[in-house]
Protein chains: 6
Amino acid sequence: MKHILYISPSRSNLVDGPLRAYLDEVKGPDTQVDIASLSQGPTHLPYYYYEALILPALLHRVEQAEEEGYDAAVIGCFYDPGLRAAREITERIIVTGAAESSLFLAASLGYRFSILVPCEKTIPQMHENVVNYGLVGRLASFESVDLGVLALQQSRAETESRLITAAQRAIHDKRAEVIILGCTREFGFYKKLQEKLGVPVIDSVIAPVKCAELMIELRQRFNWSHSKVCSYKSPPSEEVVGWGLRGRNDTDIWRLNHGSS
Amino acid sequence: MKHILYISPSRSNLVDGPLRAYLDEVKGPDTQVDIASLSQGPTHLPYYYYEALILPALLHRVEQAEEEGYDAAVIGCFYDPGLRAAREITERIIVTGAAESSLFLAASLGYRFSILVPCEKTIPQMHENVVNYGLVGRLASFESVDLGVLALQQSRAETESRLITAAQRAIHDKRAEVIILGCTREFGFYKKLQEKLGVPVIDSVIAPVKCAELMIELRQRFNWSHSKVCSYKSPPSEEVVGWGLRGRNDTDIWRLNHGSS
Amino acid sequence: MKHILYISPSRSNLVDGPLRAYLDEVKGPDTQVDIASLSQGPTHLPYYYYEALILPALLHRVEQAEEEGYDAAVIGCFYDPGLRAAREITERIIVTGAAESSLFLAASLGYRFSILVPCEKTIPQMHENVVNYGLVGRLASFESVDLGVLALQQSRAETESRLITAAQRAIHDKRAEVIILGCTREFGFYKKLQEKLGVPVIDSVIAPVKCAELMIELRQRFNWSHSKVCSYKSPPSEEVVGWGLRGRNDTDIWRLNHGSS
Amino acid sequence: MKHILYISPSRSNLVDGPLRAYLDEVKGPDTQVDIASLSQGPTHLPYYYYEALILPALLHRVEQAEEEGYDAAVIGCFYDPGLRAAREITERIIVTGAAESSLFLAASLGYRFSILVPCEKTIPQMHENVVNYGLVGRLASFESVDLGVLALQQSRAETESRLITAAQRAIHDKRAEVIILGCTREFGFYKKLQEKLGVPVIDSVIAPVKCAELMIELRQRFNWSHSKVCSYKSPPSEEVVGWGLRGRNDTDIWRLNHGSS
Amino acid sequence: MKHILYISPSRSNLVDGPLRAYLDEVKGPDTQVDIASLSQGPTHLPYYYYEALILPALLHRVEQAEEEGYDAAVIGCFYDPGLRAAREITERIIVTGAAESSLFLAASLGYRFSILVPCEKTIPQMHENVVNYGLVGRLASFESVDLGVLALQQSRAETESRLITAAQRAIHDKRAEVIILGCTREFGFYKKLQEKLGVPVIDSVIAPVKCAELMIELRQRFNWSHSKVCSYKSPPSEEVVGWGLRGRNDTDIWRLNHGSS
Amino acid sequence: MKHILYISPSRSNLVDGPLRAYLDEVKGPDTQVDIASLSQGPTHLPYYYYEALILPALLHRVEQAEEEGYDAAVIGCFYDPGLRAAREITERIIVTGAAESSLFLAASLGYRFSILVPCEKTIPQMHENVVNYGLVGRLASFESVDLGVLALQQSRAETESRLITAAQRAIHDKRAEVIILGCTREFGFYKKLQEKLGVPVIDSVIAPVKCAELMIELRQRFNWSHSKVCSYKSPPSEEVVGWGLRGRNDTDIWRLNHGSS
């Protein structure tokens, strides 16, 4: 059995309904996916500031997940906030991110991909991630659907229609071969889009869960895990403990929705 | 059950023994991995020429695998010969390559990786693949162990010793955080290296098999498969049939070793 | 006297007429250009698969050309199939490719160039060649004329009109200063386009022939030839002979049209 | 008069002595530089985790500085933590970072620069910043002096000796023309190094203060300030207020050392 | 007091009126900016040829400025002609360029910038400068206003209108966050544009003057000046003198307009 | 008959002896190569300043060559000074440069090349040319022989020995497959080096002459010449004449050595 904690680093009641059901539906048969989401704070993360605010709590939640015995933590936001820090402070647990997983899968499925984002504000930071992950040569375009993150799951017909328009623009004008839904709040739309468009459409909630399942197996069987040399070398516990860095109670602000096993 | 055909596009009696056992050991519980290998032709592929020679047969073997109902074909050579062509001529089957899979896994496990290759001759072509896959910014170095491909499994103690030396050079002098064994004939060495070195060591036989297992699941459940738009668009069957392109009997030169299920 | 074998790696009766006459017209006074073309197989090469199919025969034809005493072989396809392998397996003969030659000439004639291609399918592979040859910083755009390769010489008025439209788009909207005809089947159109457009238009049949003439002279007089160190190091003949790699009779499928001297 | 808040986002008693004196010495005549430093938490920031921990407090300190009427905030850490977020959440105040300022100055003073860092752990993140700031083509090398951040000002003779050795390696072996001291704790060493080495040595405490002074003038006189379109667009105050994001009292953990005017 | 020589390397009577007044208006309180401009030769520099023609005189004028005791020379043309040569032949004087200064400031103010140029002819050379300065990843676009350089200050209403149109295209279609006026003859328009557009608009006359003021201070106080190692190493005076290189009287062709102090 | 003017843009008595003989030896049978060299001014060009000084005279010499009926001008310096300006101001004449020609030939002969330069001072500018020509991905290294330009032909045994040492370092340590002699004063050494090293060694005097011969033929037969759109668009003659730009008598400083035909 693989235990995954899907961390939705914002506040949303989707976690009680659609997202909860969705993760149960997409997970592997031997996997249980619990959801941790914020009980306070921002309901979406399009700003650097919001991301910074939730970062310490996010990292402590990953640490706690390692202590609780989870095999993997998924950072459920397309900015991949804290991805490297989370790998740095843990020893055993796998950490995947929505963007990193989606990009690597997309690059295996076609030559160039386009990323559909809620609004233009998000593009510079995401672009930099694409550069840093090394895949800018495969990027056909970013396409904005010009909708607030919160609207994405509320007016689903409108969202779907705009995603299709944006994807068609990407495919016909920019020669995209794969579409990535560049926000975890765009979950669930991939099926309809795929039927309409005839190209693979990567859902960025599913991608990091499935990559996590793979990487759990790789760790368990081949001991392949995040390298602890250089980039992800852990801080010394005498500093972390001595300076009281973990004394903050910011893990209280997380809610947990258990998944079915 | 997932059926994978591991294609070793050269001639080698390793397929009857060590490689056969190895694949049975590393595959998933619901997977059967058969091995197709050449019964004639080159015993290794360090030359562009050898690669070109085996390419038509390799592609027809992938096509046949699709017809036989395999879920995935693994191209078991670190040059990834024919990877794109194989995705182009097939409709349903997943195709993974030793290099592409290893690179994407390595990039998820650390910041920079080094690739250990048998000899310098192989570096320019592999370097170009790293560039084309987009990961050159993550490449710490290539390190040659200066051994013929055929020697790798024959004098295993020598190979192991040289791989360790090369890996240490990469880690200490080039700041590599992950090691990739850049030849499928370097299979099996990852465990010892990992113990010695304390960093993840990616075995390029295991990587594409596990990625294939993941991608089979992704296709079966989410219909994510190679995009058939633009890059991997299939040739029209009236041309393929009309011009007798598949009439060649070059699939006769493949041997098959069944895997355990 | 320079003897060049222009290899058209597909099946086409253009070799008996227009292409034959064209090469006689464009060659240097001391040059004889023979044409080798396929008597069976694909009539065009827009697919990775077709390219792979003709590769072994293409390489053996280059080898045979070296034995027959040709000074150079031209690979007459804008994908430059087998260019590196051909340089690897030969010792003395010069090998040029339609794309490599056209790109280097274009880069000497202006700052940025656009490449006019028959259809979008060809762009990803050609783009990768531009990257690998190092000239992506000089690429203004690819422009597709959306015509099948076979149609290019059949409906010449239509082809010409579409090429002009595409080139004007490149010059006015993308700031191209030089146009490259990105398919050897677009031969002969350069003159009219050049008159209309007022910029140099590189014909990718002429370019590799003239580069071959130059490089023959460079080899004869200065001994500058393909480096046999690392990338183009030849496979050992004991392997090639011992494994029967050249035993295949695939050079039978070539036709030869002698050029005038 | 220009009011600058130099934020040292860690805990250090250097702020009461050497750093306090240093800033008074290097500031412009019309400038007052106050220092904000942490009264609790990490004493250095070589880990992603430590950086994440101080980020919310750092950003709120910048916000408070804007309210208090400061003209600029300097982020006094060579990782430039929170640089973009700080520009996003403020409207008027200038924000500079140790790395961004040092890199742009160095690029104006010579062709290639090397960055001397305390230890190898810091290199991957800094390298990514160099890439993101666009100056990787000017980077000669990173050189580690292999000293803990805390040791830098404690054993100054040792530090100086190691910095000189590292700089000479950079100049002679990597063709560096300018040296950047890639840690704000390396302040004060630039003079001796400059005399010894004969090349400019950029002190990363001075650089962002002087850039701040320039940018304050540019804002005051020409209204050039951080663009509030796209990347640095501020979050809506109804969200920030409505969700209680600023209710956290994390600005209590800052100490203030007033500078002389 | 800082003495700056603003070198307008072309012939223009703007130096007696608007530009003279403009520099007095924008300089710092302790600065005097004199203007040197050509009394003969080209009135603008859109051609490589014109640039080459004025280069020796420009460099000798910088040398003379050093002898006359100026603290800095500003090269007042967006091509930055002779920037590196001027730093090479001088020892003490600071040399700034319109493009280098504008680009580094723009990169500190937003993520991506667009450069508004008089005509398309100038783009290839400027693009190469952007690449060489390392900021091509931050370039949103070049936008041409399609006006001769000389027309820019003559029909100011027309110029302003075209600059606004071009800037809006950059902001809305290319996601530019900062605008750079890519010609020193576009001076003075930044204010109106800024009001209309709501983003910072960098004036490339102001930028290098303010950067010069900063760098003068840096040299005076911290001895940070152009590195004389490798790139900017001066030619030996025995050659310069012995070969009579400075004997040419080309500094006669400069006029001087004194600035107010 | 092809008439080429080889412009050695410095002062040297090599033009009366060794270089004169060399060009007669290497030119094609239908070619006459005259040499223009300076009768005054610098004897070598390792400094930006010297390059700037000779630039106007160099360009006027190219213009005069066009008027005198030469078919091509070769810029005989590895910096390619004035290459673009010369193409801009002329209409018919072909202009080649030592570096551009050598780089494109080298890239056709092997995967990676190293450039042997007289001294480190020259590397930054040459590196930028390699980047601008697009071939930085093929650059293995620069290797300095640490000899003054003037010494190269004086102590030939020493030069040869250092060139061999540097080339071996490039081949064995940096995986260079082709060597470029990165200074025109290194002419004549290629033969011995080639014998010793077993890889092609490009002589940068020969390369641009042979490329000029090719491009003359391309212009004469196919009307392929430098594009006069955008980058190389000529300045209007009313400006050039009206402003007296060509009135300068700087073509008097050129000597001419006629070549044999």
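Select from the range B:172-184 the residues that are within 25 Å of F:Lys174 (Cα to Cα) and surrounded by 21 or more Cβ atoms within 10 Å (Cβ to Cβ) and list them in ascending order.
Matches in the range B:172-184: B:Arg175, B:Ala176, B:Glu177, B:Val178, B:Ile179, B:Ile180, B:Leu181, B:Gly182, B:Cys183.
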Checklist entry - Do the conditions hold for A:Leu181, that is, is it assigned by TED's automatic domain parsing to the domain that holds A:Val33 and modelled with pLDDT of 95 or more? => result no
Next on the checklist: The conditions are (1) within 24 Å of A:Ala176 (Cβ to Cβ); (2) touching a residue at least 60 places away in the same chain (Cβ under 8 Å); (3) not small (Gly, Ala, Ser), and A:Glu120 fails exactly one of them. Which is it?
Outcome noted: (2)
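Residue by residue, here is whether (1) in contact with a helix residue (DSSP H, G or I) (Cβ under 6 Å, 6 or more places away or on another chain); (2) free of Cβ contacts under 8 Å to residues at least 12 places away in the same chain; (3) under 29 Å from E:Arg112 (Cα atoms); (4) not in a loop (DSSP other than H, G, I, E, B) holds:
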| position | (1), (2), (3), (4) |
| --- | --- |
| D:Ala157 | no, yes, no, yes |
| D:Ile164 | yes, no, no, yes |
| D:Ile179 | yes, no, yes, yes |
| D:Ala212 | no, no, yes, yes |
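Looking only at the range E:195-207, how many residues end up being touching a residue at least 12 places away in the same chain (Cβ under 8 Å) and out of contact with any Phe, Trp or Tyr (no Cβ under 8 Å at 6 or more places or on another chain)?
Qualifying residue count, the range E:195-207: 4.
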Item to check | The one condition in (1) assigned to a helix (DSSP H, G or I); (2) closer than 26 Å to C:Leu14 by Cα that C:Asp173 fails to fulfil | outcome: (2)
Checklist entry - Quick one: how many residues across the range D:103-114 are in contact (Cβ under 8 Å) with a residue 24 or more places away in the chain, of a type outside the set (D, E, K, R) and touching a Cys at 6+ places or on another chain (Cβ under 9 Å)? => result 4
Checklist outcome for this item: Of the residues in the range B:79-134, those that are assigned to a loop (DSSP other than H, G, I, E, B), surrounded by fewer than 22 Cβ atoms within 10 Å (Cβ to Cβ) and either within 13 Å of the chain's Cα centre (by Cα) or of a type outside the set (Asp, Glu) (or both) come to B:Arg92, B:Cys119
Checklist entry - Restricting attention to the range C:150-165, and to residues there that are closer than 16 Å to C:Thr122 by Cβ and surrounded by fewer than 22 Cβ atoms within 10 Å (Cβ to Cβ), which single residue is farthest from the chain's Cα centre (by Cα)? => result C:Arg162
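Here's the yes/no breakdown for (1) over 27 Å from B:Phe142 (Cβ atoms); (2) at pLDDT 95 or above; (3) facing another protein chain (nearest Cβ under 8 Å):
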site	(1), (2), (3)
F:Glu177	no, yes, yes
F:Val199	no, yes, yes
F:Val209	yes, yes, no
F:Leu218	yes, yes, yes
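Hey, can you tell me all the residues within the range D:180-239 that are of a type in the set (Ser, Thr, Tyr) and closer than 25 Å to D:Leu45 by Cα?
D:Thr184, D:Tyr190, D:Ser204, D:Tyr232
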Item to check | Filter pass, C:Leu147 being assigned to a loop (DSSP other than H, G, I, E, B) and of a type outside the set (Phe, Trp, Tyr) | outcome: yes
Checklist outcome for this item: Condition set crowded, with 22+ Cβ neighbours inside 10 Å and charged (D, E, K, R), scope the range B:52-78, selection nearest to C:Ala85 (Cα to Cα): answer is B:Arg61
Item to check | From the options B:Thr90, B:Thr159, residue that is polar (S, T, N, Q) and assigned by TED's automatic domain parsing to the domain that holds B:Glu238 | outcome: B:Thr90
Checklist outcome for this item: Of the residues in the range B:16-37, those that are away from chain A (no Cβ under 14 Å) and surrounded by fewer than 22 Cβ atoms within 10 Å (Cβ to Cβ) come to B:Asp16, B:Gly17, B:Pro18, B:Arg20, B:Ala21, B:Gln32, B:Asp34
Item to check | Answer residue from the range D:229-261, given it is in a loop (DSSP other than H, G, I, E, B) and over 21 Å from D:Leu55 (Cα atoms) and is farthest from the other protein chains (Cβ to nearest Cβ) among those | outcome: D:His258
Checklist entry - Do we have D:Leu109 as within 12 Å of chain E (Cβ to nearest Cβ) and at pLDDT 95 or above here? => result yes
Checklist entry - Taking the range A:184-197 as the region of interest, how many residues are out of contact with any helix residue (DSSP H, G or I) (no Cβ under 8 Å at 6 or more places or on another chain) and modelled with pLDDT under 95? => result 0
Checklist entry - What number of residues in the range D:243-255 are surrounded by fewer than 14 Cβ atoms within 10 Å (Cβ to Cβ) and modelled with pLDDT of 90 or more? => result 0
Checklist entry - Taking the range E:135-155, which residues are within 14 Å of chain C (Cβ to nearest Cβ) and touching a helix residue (DSSP H, G or I) at 6+ places or on another chain (Cβ under 6 Å)? => result E:Val136, E:Leu139, E:Ser141, E:Phe142, E:Glu143, E:Ser144
Next on the checklist: Just to verify a result, which residue in the range D:185-222, among those that are small (Gly, Ala, Ser) and touching a strand residue (DSSP E or B) at 6+ places or on another chain (Cβ under 8 Å), is surrounded by the fewest Cβ atoms within 10 Å (Cβ to Cβ)?
Outcome noted: D:Gly188
Checklist entry - Can you find a residue in the range B:58-78 that is touching a helix residue (DSSP H, G or I) at 6+ places or on another chain (Cβ under 6 Å), under 25 Å from B:Gly148 (Cβ atoms), more than 12 Å from chain C (Cβ to nearest Cβ) and not hydrophobic (A, V, I, L, M, F, W, C)? => result yes
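So that you can scan it fast, the table gives a plain yes or no per residue for (1) small (Gly, Ala, Ser); (2) farther than 30 Å from F:His172 by Cβ:
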{"residue": "F:Glu63", "(1), (2)": "no, yes"}
{"residue": "F:Asp71", "(1), (2)": "no, yes"}
{"residue": "F:Ile89", "(1), (2)": "no, yes"}
{"residue": "F:Ser102", "(1), (2)": "yes, no"}
{"residue": "F:Gly134", "(1), (2)": "yes, no"}
{"residue": "F:Arg138", "(1), (2)": "no, no"}
Next on the checklist: Looking at A:Leu214, A:Leu193, A:Leu256 in this structure, which one is over 30 Å from B:Val209 (Cα atoms) and not charged (D, E, K, R)?
Outcome noted: A:Leu256
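The values are calculated or read from the model by the stated rules, or taken from the named source; none is laboratory data. In this text, all values refer to a predicted model and were calculated from it rather than measured experimentally. Heads up, the Cβs are rebuilt from the backbone with ideal geometry, glycines too, and the neighbour counts pull from every protein chain shown.
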